[in-house]
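Asks: Sharing a structure here in structure tokens format.
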Amino acid sequence: FKKKGPLMTRWTPLTPDTADANARPILETVRDKYGFVPNLIGNMAHAPEAARAYLELGERLAATRFDATEQQVVLLAVSRYNGCEYCVGAHSAISAMQKLPADVIAAIRDDRPIDDEKLEALRAFTTNMVDRRGWLTDEDVAAFLAAGYEKSQILDVVLAVAMKTLSNYTNHIAGTGLDAAFADFAWRAPSQD
């Protein structure tokens, strides 16, 4: 990825108090579920159907055969590849809350292999999926399957890529600031000069 430079303006995330009648129920539901409205959802609420789609994709991902750790590995890997500072920070915090080992989180943030072979196969497969825009090699697929994943989980990775593409691009466009709840996990994309 290559960052094009700072945005001229940041979007102001909507809240249940500032949102219109279309977006307000989305934000209220998120606030009731998590105790606050993350800035990402507040920015997505400017286009309520985008916010709804993102939340629905998250529910669909949670229903896949990936466990919570594997889901976070995929979401972090996509966000890292795309240079999304917000999502890397937020998913690092969420991963820590879900007891993902700190060395796994650090490896993904630093774009290093994960020591756990199965999780590394997932991280590498996900990165290849994004880098090659789905044009995987037979070797990519064979390595993923050899690590113990199922053929159907290839499309589960595609689902996660779609979810994170929606949020990563939103954050790039909106200049989404990291929430205080995730501040301990702030991350800066490496310079691509």
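The values are calculated or read from the model by the stated rules, or taken from the named source; none is laboratory data. It should be emphasised that the depicted structure is a prediction, and the values quoted were computed from it without experimental measurement. Counting neighbours? That spans all protein chains shown, and the Cβs are built from the backbone with ideal geometry, glycine included. In case anyone asks, the SASA skips ligands and DNA or RNA and just uses the protein heavy atoms, side chains included. Shrake-Rupley method; radii C 1.70, N 1.55, O 1.52, S 1.80 Å.
Asks: Can you pull out the residues in region 19-36 that are over 18 Å from F182 (Cα atoms), open to solvent by less than 70 Å² (accessible area, probe 1.4 Å) and β-branched (V, I, T)?
Replies: I26
Asks: For region 114-136, give me the residue count where each residue is open to solvent by less than 40 Å² (accessible area, probe 1.4 Å) and touching a residue at least 40 places away in the same chain (Cβ under 8 Å).
Replies: Matching residues across region 114-136 total 7.
Asks: Could you please tell me which pairs satisfy a Cβ distance under 7 Å, a separation of 6+ or placement on different chains, a first residue in region 161-183 that is without any contact (Cβ under 8 Å) to a residue 40 or more places away in the chain, and a second residue that is open to solvent by 10 Å² or more (accessible area, probe 1.4 Å)?
Replies: none
Asks: Test V130 against the criterion of being β-branched (V, I, T), more than 28 Å from T176 (Cβ to Cβ) and either out of contact with any Gly (no Cβ under 7 Å at 6 or more places or on another chain) or outside any helix (DSSP H, G or I) (or both), and give yes or no.
Replies: No: the conditions fail for V130.
Asks: Follow-up question, since we're still on this one. Looking at D103, D111 in this structure, which one is in contact (Cβ under 8 Å) with a residue 12 or more places away in the chain, within 30 Å of W11 (Cα to Cα), charged (D, E, K, R) and open to solvent by 80 Å² or more (accessible area, probe 1.4 Å)?
Replies: D111
Asks: Checking the condition closer than 22 Å to I173 by Cβ, surrounded by fewer than 18 Cβ atoms within 10 Å (Cβ to Cβ) and either under 15 Å from the mean Cα position of the chain (by Cα) or of a type in the set (S, T, N, Q) (or both), which residue from L40, L75, L55 passes?
Replies: L55
Asks: Now for a separate question. I'd like the full set of residues that are under 16 Å from the mean Cα position of the chain (by Cα) and among the β-branched types (V, I, T), limited to region 142-193.
Replies: Passing the criteria: V157, V158, V161, T165, T170, I173, T176.
Asks: In this structure, is F144 of a type outside the set (S, T, Y), surrounded by 17 or more Cβ atoms within 10 Å (Cβ to Cβ) and touching a residue at least 60 places away in the same chain (Cβ under 8 Å)?
Replies: No; evaluated as a whole, the condition is false for this residue.
Asks: A further question follows. Got a number for residues in region 84-100 being buried (at least 19 other Cβ atoms within 10 Å of the Cβ) and in a loop (DSSP other than H, G, I, E, B)?
Replies: 2
Asks: Turning to a different aspect of this structure: Can you name the residue in region 58-68 that is open to solvent by less than 40 Å² (accessible area, probe 1.4 Å) and in a helix (DSSP H, G or I) and is also nearest to N171 (Cα to Cα) among such residues?
Replies: Restricting to residues being open to solvent by less than 40 Å² (accessible area, probe 1.4 Å) and in a helix (DSSP H, G or I), the top hit is G58.
Asks: Can you tell me which residues in region 147-193 are polar (S, T, N, Q), open to solvent by 50 Å² or more (accessible area, probe 1.4 Å) and farther than 14 Å from C84 by Cα?
Replies: Once the filter is applied, which keeps residues that are polar (S, T, N, Q), open to solvent by 50 Å² or more (accessible area, probe 1.4 Å) and farther than 14 Å from C84 by Cα, region 147-193 yields only S152.
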